[in-house]
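The values are calculated or read from the model by the stated rules, or taken from the named source; none is laboratory data. Owing to the predicted nature of the structure, the values given are computational and were not obtained by experimental measurement. All Cβ positions, glycine included, derive from the backbone under ideal geometry; neighbour counts span all protein chains shown.
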Amino acid sequence: METGRRPEFGVCAAVDVHYLRTGGARAAAVLAADAAFAHLLAERTAVIPRVRPYRPGQFYLRELPPLRAVLDGLSRLGLLVVDGYADLDPGGRPGLGAHAHAESGIPVIGVAKSRFRTATHAVPVVRGSSVRPLYVTAAGIPSADAADLVRRMAGRYRLPRRPAPRRYPCAGRPARNQHDRPSARLTRTDARNAADSDVSVPGEHA
């Protein structure tokens, strides 16, 4: 039964990983006070010196260590959005999102820009005026609800866009380290990116 109420998760994080030529990885996380990522709290980064090589269908072995590093010490995290798939086929073969859910115990939404051939169950989500869908899967939350959250995320374009942040006190006390940056620091990035820039939260990894 449709109630019109949107679920509340507490602190929400969207995470992406960039792989370095040195063999390591840099993970970045955007933290928000809401699942639409309309009210940003902070962003943080973490670097690990070495990651495993990529293997098809086992992307999680490569991606999980930098995700753990960038999320380490966060309190009251209630939702995680990852660059990739939660599960890889209708039978539930676990992907990155499912493994992250198993470790964290919180709902994880996988958002991908490209279709993964076996993930025929992924929910296509078309945002704004785009005709190209994003592919949404989830662990710990129904896929239809996850797709609705992605559809409502901040920004008018295909990829959810980083909104202009405001200062919000983080729920509880978020972990602080040399890689944390308060949300006020994000405004300069937003000004440089201009109105049509997209945050590359989603991706195409499995």
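Summary table below
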{"item": "Complete set of residues in the stretch 21-32 that are touching a Lys or Arg at 6+ places or on another chain (Cβ under 9 Å), over 18 Å from ALA100 (Cα atoms) and at pLDDT 95 or above", "result": "GLY24"}
{"item": "Verdict on ASP180 being over 24 Å from ASP72 (Cα atoms) and modelled with pLDDT under 85", "result": "no"}
{"item": "Complete set of residues in the stretch 115-132 that are at pLDDT 95 or above and under 22 Å from VAL30 (Cβ atoms)", "result": "VAL125"}
{"item": "Residue, nearest to VAL131 (Cα to Cα), within the stretch 147-161, restricted to residues that are surrounded by fewer than 20 Cβ atoms within 10 Å (Cβ to Cβ) and basic (Lys, Arg)", "result": "ARG158"}
{"item": "Residue satisfying condition, being among the small types (Gly, Ala, Ser), in a helix (DSSP H, G or I) and surrounded by fewer than 24 Cβ atoms within 10 Å (Cβ to Cβ), within set ALA69, ALA100", "result": "ALA69"}
{"item": "Flag if VAL17 is surrounded by 14 or more Cβ atoms within 10 Å (Cβ to Cβ), touching a Pro at 6+ places or on another chain (Cβ under 9 Å), closer than 21 Å to VAL150 by Cβ and of a type in the set (Val, Ile, Thr)", "result": "yes"}
{"item": "Only one of GLY84, GLY73, GLY91, GLY78 that is at pLDDT below 95 and either among the aliphatic types (A, V, I, L, M) or out of contact with any helix residue (DSSP H, G or I) (no Cβ under 9 Å at 6 or more places or on another chain) (or both)", "result": "GLY73"}
{"item": "Leading residue by the ranking (nearest to ALA112 (Cα to Cα)) among those in the stretch 75-97 that are assigned to a loop (DSSP other than H, G, I, E, B) and under 15 Å from the mean Cα position of the chain (by Cα)", "result": "GLY84"}
{"item": "Residue tally, condition closer than 22 Å to SER104 by Cα, surrounded by fewer than 22 Cβ atoms within 10 Å (Cβ to Cβ) and small (Gly, Ala, Ser), over the stretch 127-146", "result": "3"}
{"item": "Some residue of the stretch 40-55 being closer than 22 Å to LEU134 by Cβ, crowded, with 22+ Cβ neighbours inside 10 Å and of a type outside the set (Asp, Glu)", "result": "yes"}
{"item": "Qualifying positions in the stretch 97-115 - free of Cβ contacts under 8 Å to residues at least 60 places away in the same chain and basic (Lys, Arg)", "result": "ARG115"}
{"item": "Qualifying residue in the stretch 72-95 (condition: in contact with a Lys or Arg (Cβ under 7 Å, 6 or more places away or on another chain), buried (at least 17 other Cβ atoms within 10 Å of the Cβ) and β-branched (Val, Ile, Thr))", "result": "no"}
